[in-house]
Amino acid sequence: MIYRPLGNTGKDVSIIGLGLEHVDRKPYEQVKETMDAALAHGINIMDVFMPGDEVRENIAKAFGTRRREVMLQGHIGATDINQQYDISRDMPTVKKYFEKLLKLFGYIDFGMLFFIDSDEDFKNVFDTEFITYAQQLKRNGDIHHIGFSSHNPVTAKRVIETGTVEMMMFSVNPAFDMLPADRNVFDLLENKVGKEALHGIDPHRAALYALCEQKGIGITTMKSYGSGKLLSPDHTPYARPLTVHQCTHYALSRPAVASVLPGCKTAAEMEQIIAYCTATAAERDYAEVLATVRNDFRGNCVYCSHCQPCPVNIDIAAVHRYFDIAKLDIKNIPPSIKSHYASLQSAECINCGHCEKRCPFGVEIIKNIKEATRLLKD
Ligand code: SF4
Ligand code: SF4
């Protein structure tokens with residue numbers, strides 16, 4: 001397993017985590033088998049957003065004495081109304097469900113403000129007792145960090161700018177990223193929009209990831225396989241389906257992303273995803289599939305590394321990631337970004353042009369590397 005720092009939280013998380021949603025309403029033995037496979041491979045972050053008592057109890061029982069081996073995301077505001085998942089901002093209801101979670105697991109590592117996708121969600125969380133409750137939980141040590149979950153890049157940016165949150169769970173996959181920010185990503189999952197809606201990596205989403213890296217807000221991801229649609233020949237919006245490794249790699253190559261949390265319900269599914277850690281660069285490469293849809297934003301790097309190898313070993317995707325973060329605010333480039341850039345120890349580009357011939361997205365790599373050096377090298 002490979003571990004990455006989750007932003008500035010001080011926690012190192014496994015690049016593959018486990019979303020436990022899919023073990024809901026499954027027998028205890030299956031819950032345990034799935035979690036055992038994850039733990040055996042060094043997975044140390046899991047998500048429990050489900051409000052149901054039975055699944056939560058099964059998970060706690062499956063941990064047994066191993067609770068402290070895993071960091072948990074628990075969601076504040078995830079509730080169960082008539083056996084349906086629901087979002088609640090009604091404080092007695094919110095407290096009832098979250099306190100049950102605390103009772104089972106003792107503490108929650110990442111207390112997630114649940115599902116902040118719209119201006120109304122924002123208002124109902126940040127202008128009410130909801131946020132003071134989360135802050136009190138943190139002061140009490142019941143939660144160790146305040147995070148939030150979202151699918152909307154514009155609202156997510158507002159949340160980050162409050163300065164209240166330390167990490168974010170966001171829906172990250174190439175199809176969502178290519179959907180204009182004013183479209184609802186669930187329309188893609190429900191086949192209400194097709195590939196004609198995809199326009200290339202949406203600037204709002206690209207800017208959100210760069211902002212997170214700039215501010216040290218670590219990202220964990222959900223829906224990285226588009227609820228399975230990106231893997232399906234019948235439902236993919238691209239000319240061909242992506243593979244699990246390609247989708248995983250796409251999410252992990254966004255700035256600030258520390259961990260991908262797929263929903264698995266068996267040990268076999270878990271093993272299939274963990275195999276990413278030993279996959280080859282060719283097996284992970286998603287560039288040519290992405291290039292099969294319209295791209296209104298050609299010239300912007302998608303960090304795919306399809307342009308490698310470089311004869312002087314420049315990590316071109318990494319240079320572009322830091323370059324894009326630097327461009328957010330040229331006058332105030334965080335020292336951490338300069339030191340990350342310095343740690344790449346890039347040799348000087350020899351202008352061979354090999355990379356530009358390979359890039360499917362028309363990125364002016366040589367020009368960008370020169371500019372990145374000017375901005376980021378002290
Ligand atoms: S042009 Fe520069 S960055 Fe591109 S492959 Fe050649 S040396 Fe590497
Ligand atoms: S320059 Fe092109 S090929 Fe290289 S990482 Fe960026 S988008 Fe991919």
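The values are calculated or read from the model by the stated rules, or taken from the named source; none is laboratory data. Computed from a prediction, not measured in an experiment: that's the story for all the values here. Using ideal geometry, Cβ is built from the backbone for each residue, glycine included, and neighbour counts are taken over all protein chains shown.
Residues in the stretch 356-375 that are part of a loop (DSSP other than H, G, I, E, B) and within 13 Å of ligand 1 (Cβ to nearest atom): CYS359, VAL363, GLU364.
Name every residue in the stretch 163-179 that is over 18 Å from the mean Cα position of the chain (by Cα) and either on the phi < 0 side of the Ramachandran plot or basic (Lys, Arg) (or both), in order of residue number. If the condition is that a residue be over 18 Å from the mean Cα position of the chain (by Cα) and either on the phi < 0 side of the Ramachandran plot or basic (Lys, Arg) (or both), then THR164 is the only one that fits. Within the stretch 100-118, being out of contact with any Ser or Thr (no Cβ under 7 Å at 6 or more places or on another chain) and not aliphatic (A, V, I, L, M) holds for LYS100, LYS103, PHE105, GLY106, TYR107, ASP109, PHE110, GLY111.
When restricted to residues that are within 16 Å of ligand 2 (Cβ to nearest atom), surrounded by fewer than 19 Cβ atoms within 10 Å (Cβ to Cβ) and of a type in the set (Ser, Thr, Tyr), the stretch 320-378 contains 1. In the stretch 71-93, the residues that are farther than 19 Å from SER149 by Cα reach residues that are not β-branched (Val, Ile, Thr) with C-beta atoms within less than 8 angstrom, at least six apart or across chains, in these pairs: ILE81/SER88; GLN83/GLY52.
Hey, among GLY194, GLY226, GLY218, which residue is out of contact with any helix residue (DSSP H, G or I) (no Cβ under 6 Å at 6 or more places or on another chain), within 30 Å of HIS340 (Cβ to Cβ) and either aromatic (Phe, Trp, Tyr) or in the same structural domain as PHE110 (by TED's automatic domain parsing) (or both)? Show your work before the answer.
Numbers: GLY194 fails: within 30 Å of HIS340 (Cβ to Cβ); GLY226 fails: out of contact with any helix residue (DSSP H, G or I) (no Cβ under 6 Å at 6 or more places or on another chain).
Step by step, each of GLY194, GLY226, GLY218 is checked, and only GLY218 is out of contact with any helix residue (DSSP H, G or I) (no Cβ under 6 Å at 6 or more places or on another chain), within 30 Å of HIS340 (Cβ to Cβ) and either aromatic (Phe, Trp, Tyr) or in the same structural domain as PHE110 (by TED's automatic domain parsing) (or both).
Is it the case that the stretch 288-299 has a residue that's farther than 16 Å from SER14 by Cβ, surrounded by 15 or more Cβ atoms within 10 Å (Cβ to Cβ) and within 16 Å of ligand 1 (Cβ to nearest atom)? So far as the stretch 288-299 goes, no, none of its residues is farther than 16 Å from SER14 by Cβ, surrounded by 15 or more Cβ atoms within 10 Å (Cβ to Cβ) and within 16 Å of ligand 1 (Cβ to nearest atom). For beta carbons closer than 6 Å, sequence separation of 6+ or different chains, a first residue in the stretch 351-362 that is more than 21 Å from ILE201 (Cβ to Cβ) and a second that is near ligand 2 (Cβ under 8 Å from one of its atoms) and in a loop (DSSP other than H, G, I, E, B), there are no qualifying pairs.
Looking for whichever is crowded, with 24+ Cβ neighbours inside 10 Å, in contact with a helix residue (DSSP H, G or I) (Cβ under 6 Å, 6 or more places away or on another chain) and closer than 23 Å to LEU179 by Cβ here; the options are CYS212, CYS304. Which one fits? Lay out the reasoning, then the answer.
Details: CYS212 fails: in contact with a helix residue (DSSP H, G or I) (Cβ under 6 Å, 6 or more places away or on another chain).
Just one listed residue meets the conditions, CYS304.
Counting only helices (runs of 4 or more DSSP H) that fall entirely inside the stretch 270-355 and contain at least 2 residues that are more than 30 Å from GLY19 (Cβ to Cβ) and of a type outside the set (Phe, Trp, Tyr), the qualifying elements are 316-328, 335-343.
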